[in-house]
Amino acid sequence: MKLGDVDFLRAIENHHRDTRKWACIGYHFLIGRNGQIYEGRPESALGAHVHKHNAGNLGIALLGDFTKELPPQAQLASLEQLLARLRQKYALQPRHVFGHGQLGKTTCPGPALQAWIHRYRLRKS
Ligand SMILES: [Zn+2]
């Protein structure tokens, strides 16, 4: 059985709440394969997404495996929109956007998406 986005989100929430004992889902935002943006926890709440680096940032998770492939067009477009909105709101530059693996020992979010993030960070605006 293929998990839909909502089932997948519920599984993440259960994992974070029951296994990790976090208050609720650890990310501030999650983006489904179809581009749907979900709110995990309020922006004002401290995230639980990057070991020792949770303060002063927001966590965005994209559902999928980006080891070899980039997210689908709709998902990537939503990521762009969300980043644009948050960067405007918090006066952030492209270089303020990080992949998980840049802040901790993990291959997350996968080489394909990390390469995209590296290109994003080099943008002028
Ligand atoms: Zn991660």
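Data for the structure
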quantity	calculated
Whole-Hz ³J(HN,Hα) from phi, Karplus 6.51 cos²θ - 1.76 cosθ + 1.60, for region 35-40, glycine and proline x	x, 5, 9, 10, 8, x
Paired Rg and Dmax values of the chain, which use every Cα atom, in angstrom	14.0, 43
Loop-located GluC sites (Glu not before Pro) in region 32-125, at most 15 other Cβ atoms within 10 Å (DSSP)	GLU43, GLU69
Over the chain: helical MRE at 222 nm, DSSP H runs n ≥ 4 each giving -39500 (n - 2.57), nearest 500	-10500 deg cm²/dmol
Hz values of 3J(HN,Hα) by residue in region 109-120 - Karplus curve (6.51, -1.76, 1.60), Gly and Pro given as x	x, x, x, 5, 6, 5, 4, 4, 4, 4, 5, 4
Filtered trypsin sites (Lys or Arg not before Pro), region 68-125: DSSP coil and at most 16 other beta carbons within 10 Å	LYS68, LYS105, ARG123, LYS124
Per-residue HN-Hα couplings for region 101-106 [Karplus 6.51, -1.76, 1.60; θ = phi - 60°; Hz; x = Gly/Pro]	x, 7, 10, x, 7, 7
Lysine pairs with alpha-carbon atoms under 22 Å apart, region 5-121, spacing 8 or more or separate chains	4
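Readers should treat all values here as calculations from the given coordinates under stated rules, not as data from a laboratory. All of these numbers come straight from a predicted model, not from anything done at the bench. Here Cβ is always computed from backbone atoms with ideal geometry, including for glycine, and neighbour counts include all displayed protein chains.
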